[in-house]
Amino acid sequence: MEKGKRQIVVPGETIVSGNEFLPGDGAYRDGVDVVAGCYGIVNVYEKHVRVVPVSGAYYPRRGNTIIGTIVDITFNGWLIDFGGAQNAFLPVAEVPRYVNKNEMAEFLNFGESVIVKVWDVKSRGVDVSMKMRGFGKIEGGMIVSIGANKVPRVIGREGSMVKMIKDATGCSVTVGQNGKVWISGNDTDKEVVAKKIIELIADNVMADGLTDRVEKYIKGMGLKVDEGVEIVNEETDK
Amino acid sequence: MVVKKNLYTKRKSGRKMDEVRPITANVGIVPSADGSASFQTGKTKAIAVVRGPRTLHPQHMQNAQTGILRVSYGMMPFSVEDRIRPGPNRRSEEISKVTEWALSSVVDLSGFPNTVVDVFVQIPQADAGTRVAGINAAALALAHAGIPMREMVSAIGVGKIDKSLVVDLDKYEDSEFHDGEGSTDIPVVVTSRTKEIALLQLDGKISVDEFKECIEMAKKACDGILKVQMDALREVSGVRDQKSGGKKNG
């Protein structure tokens with residue numbers, strides 16, 4: 001394998017040979033070979049070999065910001081559906097205010113949406129918390145589902161794309177790593193514009209020069225793109 | 001005893017005895033799915049869609065130790081000359097089950113207990129060999145969905161037409177040729193790394209020696225199919241921008 005080059009592997013394919021290598025996530029050992037256990041990009045760090053999936057369903061990781069809806073209320077917390085394999089659990093203790101355990105629906109009721117942080121990922125489920133700034137119950141605005149694989153493109157390099165949308169529409173845009181985007185602004189029309197821009201990005205994740213296209217689209221809608229902000233698009237659009 | 005002449009020395013399609021039909025494979029054809037693929041050999045076409053892992057309902061079907069794989073195979077009403085009644089039937093139920101077993105030998109869902117991975121296989125156009133085309137498409141779709149798999153699987157139909165051993169039977173060879181010893185077809189699924197057989201069915205009559213030869217032919221054909229599958233997966237969109245070596249976005 002060439003160094004520095006991103007290699008795509010198919011399940012069952014030998015990634016590297018040698019007993020000194022250690023198979024990590026998405027890889028396993030077969031004799032002296034380290035073999036891909038899923039489809040994705042190879043990541044070799046020192047002697048640690050991993051395969052990072054490039055497509056498919058959303059797999060939560062610790063530290064991810066996710067947007068989901070309340071599907072169940074238990075005696076000590078809430079269950080949140082975020083589009084993953086299992087529901088996430090939000091304990092009462094991880095909520096930034098006092099909640100009366102007899103009236104938990106007062107704080108979060110069925111069908112209400114929340115922004116939470118992934119605290120722990122186990123095979124049996126995900127624990128989440130909303131005890132930090134920026135997390136909490138979603139009130140107002142709209143949620144757009146784009147799919148987890150498109151999230152990096154919507155965020156853009158160092159957040160450039162999100163910043164452009166925010167500056168142009170004046171709405172607050174929160175991107176959950178599970179592929180859901182929350183848009184909130186004072187003006188519904190502006191929210192709709194932001195939604196349209198996000199859908200444009202989601203439909204053209206593979207396009208070259210996406211930043212320019214989005215910029216043009218925003219200008220076409222009669223909005224301004226903040227020229228003062230330097231948008232790094234060379235790297236993102238290759 | 002009179003030794004009868006072999007009535008099938010030349011294939012109707014003009015192919016060589018061990019020649020497969022032209023193959024095309026595409027990955028990521030259904031944007032709303034977690035994984036999807038199409039696989040075409042000659043006139044036989046299969047589309048596979050994967051959804052999940054997701055919570056399995058009803059709850060009593062859940063397995064607390066591992067996720068389960070659930071395959072649904074179906075032929076579209078217009079896929080053959082006579083319209084077939086849509087919905088599950090005896091044949092489609094069987095193929096769903098054997099596909100599920102063949103794929104279960106390579107997928108590892110132990111990391112997702114209480115969940116299900118659904119695989120939907122549809123045949124929009126059939127010219128024999130639909131179950132193997134379906135399995136090839138399903139394997140691609142599962143890989144595309146990022147499901148942990150020990151290896152890939154490739155599938156091919158082999159068989160015997162009168163006295164000739166052939167690879168990749170079409171509709172004529174499979175069900176319209178009745179002269180001499182008739183036709184025998186053997187769908188085979190071969191895993192990509194260990195070259196083990198994940199599915200083996202046999203319809204017809206064949207001697208042990210001929211059977212062994214058929215399996216060798218199938219393994220050889222599967223190597224070619226695996227190459228097409230791997231190329232399709234490498235080509236798929238979404239991977240391209242990382243390939244150029246740029247820093248990952250976000």
Every residue in region A:83-116 that is assigned to a helix (DSSP H, G or I) and either touching a Leu at 6+ places or on another chain (Cβ under 9 Å) or of a type in the set (Lys, Arg) (or both), please. A:Lys101
Subset tally (residues that are buried (at least 18 other Cβ atoms within 10 Å of the Cβ), part of a loop (DSSP other than H, G, I, E, B) and out of contact with any Asp or Glu (no Cβ under 8 Å at 6 or more places or on another chain)) for region A:117-149: 2
Mind listing whichever residues of region B:37-61 are hydroxyl-bearing (Ser, Thr, Tyr) and out of contact with any helix residue (DSSP H, G or I) (no Cβ under 8 Å at 6 or more places or on another chain)? B:Thr55
Residues being of a type in the set (A, V, I, L, M), assigned to a helix (DSSP H, G or I) and either closer than 22 Å to A:Thr65 by Cα or touching a His at 6+ places or on another chain (Cβ under 8 Å) (or both) - total across region A:169-222: 5
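Tell me which residues, restricted to region A:133-158, are within 14 Å of another protein chain (Cβ to nearest Cβ) and not small (Gly, Ala, Ser).
Of everything in region A:133-158, those that are within 14 Å of another protein chain (Cβ to nearest Cβ) and not small (Gly, Ala, Ser) turn out to be A:Ile146, A:Asn149, A:Lys150, A:Val151, A:Pro152, A:Arg153, A:Val154, A:Ile155, A:Arg157, A:Glu158.
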Filter region A:1-55 down to the residues that are of a type in the set (Ser, Thr, Tyr) and crowded, with 23+ Cβ neighbours inside 10 Å, then identify the one that is nearest to B:Ala145 (Cα to Cα). A:Ser55
Restricting to region A:165-181, name every residue that is of a type outside the set (S, T, N, Q) and more than 8 Å from the chain's Cα centre (by Cα). A:Ile165, A:Lys166, A:Asp167, A:Ala168, A:Gly170, A:Cys171, A:Val173, A:Val181
Check A:Thr69, A:Thr74 and return the single one that is more than 30 Å from B:Glu235 (Cβ to Cβ), among the hydroxyl-bearing types (Ser, Thr, Tyr) and touching a strand residue (DSSP E or B) at 6+ places or on another chain (Cβ under 6 Å). A:Thr69
Go through (1) within 14 Å of another protein chain (Cβ to nearest Cβ); (2) part of a strand (DSSP E or B); (3) in contact with a Cys (Cβ under 9 Å, 6 or more places away or on another chain) one by one and return the number of the condition B:Ala143 breaks. (2)
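Sort out which residues of region B:31-77 are among the small types (Gly, Ala, Ser) and not in a strand (DSSP E or B), and write them in order of number.
Taking region B:31-77 first, the residues among the small types (Gly, Ala, Ser) are B:32-33, B:35-38, B:42, B:46, B:48, B:52, B:64, B:67, B:72, B:74.
Within region B:31-77, B:Ser32, B:Ala33, B:Gly42, B:Ala64, B:Gly67 meet the criteria.
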Can you spot a residue in region A:150-168 that is in contact with a helix residue (DSSP H, G or I) (Cβ under 7 Å, 6 or more places away or on another chain), assigned to a loop (DSSP other than H, G, I, E, B), outside the structural domain of A:Leu90 (by TED's automatic domain parsing) and touching a residue at least 12 places away in the same chain (Cβ under 8 Å)? yes
The lone condition A:Val181 fails out of (1) touching a residue at least 60 places away in the same chain (Cβ under 8 Å); (2) in contact with an Asp or Glu (Cβ under 9 Å, 6 or more places away or on another chain) is (2)
Being over 26 Å from A:Thr14 (Cβ atoms) and not in a strand (DSSP E or B) is the filter here; which residues of region A:58-82 pass it? A:Tyr58, A:Pro60, A:Arg61, A:Arg62, A:Gly63, A:Asn64, A:Phe75, A:Asn76, A:Phe82
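The values are calculated or read from the model by the stated rules, or taken from the named source; none is laboratory data. Since this is a predicted model, take the numbers as computed values, not measurements. Glycine gets a Cβ as well: all are built from the backbone with ideal geometry, and neighbour counts include every protein chain shown.
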